[in-house]
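The values are calculated or read from the model by the stated rules, or taken from the named source; none is laboratory data. Quick caveat, the model's predicted, so the values are computed rather than measured. For neighbour counting, all protein chains shown are included, and Cβ atoms are generated from backbone atoms with ideal geometry for every residue, glycine included. Ligands, DNA and RNA are stripped out before the accessible areas are found, and what is left, the full protein with its side chains, is counted by its heavy atoms. Shrake-Rupley method; radii C 1.70, N 1.55, O 1.52, S 1.80 Å.
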Amino acid sequence: MAPRTTKPKKPSTSTEPAACKPCGGTGNVPTTVRVGRKRRPVGQQDGLCLNCFGSGTDPDA
């Protein structure tokens, strides 16, 4: 039998890291602001993305 030859691995074509899915790569997600005793929603403000901690890159990649 002939000896096995292995092919060299190709380098990845993407040089930039993948974007985080919940924040879309911005690092911010909308957070609902609630006020009053019944906690009714009055608006939204930007909050830190807890998946990537504001970096905008996918932590699983």
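For the reader, a short list of remarks on this structure follows.
- The single residue among THR6, THR26 that is open to solvent by 100 Å² or more (accessible area, probe 1.4 Å) and on the phi < 0 side of the Ramachandran plot turns out to be THR6.
- In the stretch 1-21, the residues that are over 15 Å from THR57 (Cβ atoms) never reach a residue that is modelled with pLDDT of 75 or more and loosely packed, with under 10 Cβ neighbours inside 10 Å with C-beta atoms less than 7 angstrom apart, at least six apart or across chains.
- Only residues that are outside any strand (DSSP E or B) and touching a Cys at 6+ places or on another chain (Cβ under 7 Å) were counted across the stretch 17-30, and they come to 4.
- Counted residues, the stretch 41-61 - those being among the aliphatic types (A, V, I, L, M), part of a strand (DSSP E or B) and within 15 Å of ALA18 (Cβ to Cβ): 0
- Residue match in the stretch 32-40 (condition: of a type in the set (Ser, Thr, Tyr), out of contact with any Ser or Thr (no Cβ under 7 Å at 6 or more places or on another chain), touching a residue at least 12 places away in the same chain (Cβ under 8 Å) and farther than 20 Å from PRO59 by Cβ): yes
- Considering (1) part of a strand (DSSP E or B); (2) open to solvent by 70 Å² or more (accessible area, probe 1.4 Å), the lone condition that VAL33 does not fulfil carries the number (2).
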